[in-house]
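What follows is a short report on a single structure.
The values are calculated or read from the model by the stated rules, or taken from the named source; none is laboratory data. This one's a predicted model, so the numbers in the text were calculated from it and none came from an experiment. Here the Cβ is made from the backbone with ideal geometry for all residues, glycine too, and neighbour counts use every protein chain on show. Calculation scope for accessible area: heavy atoms of the full protein, side chains included, ligands and nucleic acids excluded. Shrake-Rupley method; radii C 1.70, N 1.55, O 1.52, S 1.80 Å.
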Amino acid sequence: MALPWALAVLSLLPLLDAQSPACPNFSVPITNASLDQISGKWFYIGSAFRFPEYKKEAGKIQAAFFYFTPNHTEDTILSREYTTIGDQCLYNTSSVKVHRENGTLSKSENGREHFVQLLLPKDPKTFMFAAFPEDKQNMGLSFYADKPEATPEQMEQFYVYLTCMGLDKSEVMYTDEKKNMCLPLEKQHDEERKKEDERSETGTALD
């Protein structure tokens, strides 16, 4: 199962200068500040994908959230993902590679490298991933926010990017936080990490 942030994106086509002047820059280099901005907990709000395989994968996701923990030195991000599919919670951890110069993130899965373009709107409480931005047949855009429900203003930013790429609102598939089955597992993991931290602190104090 592909990660919710990647949604089975297989590759990213070269970015050309064919975008409308109103479009955002799709190839802004990633900096430490960029990584800090996407650090923490995020909710997958919705996406629009045209390639049938990606669309099918996205359609399976009822709800999803994840934690990003960037490593500036190694240019990687530890991703912990909680995805609800078929009324079941699926948990996965992975290492995401950061490609600073061309503004992409990637992950190796099943022997292939999956790429997405990082887009940072004006609102720092949101971000997006673009797939195949130059390919009208396969392009896609996914949207994330720091709350399970985005504000109307945040959604409008998403729609502006959609329109810019040539996608339509009618193509968007949304998640539903009411179907989130992963909160108990998240709580369990939080408690386990807290106990581990306490044990570590105790061990350090005894040394």
- Message: Among the residues that make up the stretch 167-184, is at least one of them under 27 Å from Leu35 (Cα atoms), assigned to a helix (DSSP H, G or I) and in contact (Cβ under 8 Å) with a residue 60 or more places away in the chain?
- Response: yes
- Item | Residues within the stretch 5-51 that are open to solvent by 50 Å² or more (accessible area, probe 1.4 Å), small (Gly, Ala, Ser) and modelled with pLDDT of 95 or more, tallied | 2
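Considering only the stretch 99-120, I want to know if a residue exists there that is without any contact (Cβ under 8 Å) to a residue 24 or more places away in the chain and touching an Asp or Glu at 6+ places or on another chain (Cβ under 9 Å). Quick ask: steps written out before the conclusion?
Start the filter on the stretch 99-120 by keeping residues that are without any contact (Cβ under 8 Å) to a residue 24 or more places away in the chain, which leaves 106, 108, 110-111.
Cutting the leftovers down to touching an Asp or Glu at 6+ places or on another chain (Cβ under 9 Å) gives us 106.
Looking for residues that are without any contact (Cβ under 8 Å) to a residue 24 or more places away in the chain and touching an Asp or Glu at 6+ places or on another chain (Cβ under 9 Å), one finds at least one in the stretch 99-120, hence yes.
Tally up the residues in the stretch 59-73 that are under 12 Å from the mean Cα position of the chain (by Cα) and open to solvent by less than 10 Å² (accessible area, probe 1.4 Å), please. Even if it seems obvious, please write down each step before you answer.
Residues of the stretch 59-73 under 12 Å from the mean Cα position of the chain (by Cα): 64-68.
Now drop any that are not open to solvent by less than 10 Å² (accessible area, probe 1.4 Å), which leaves 64-66, 68.
The qualifying residues number 4.
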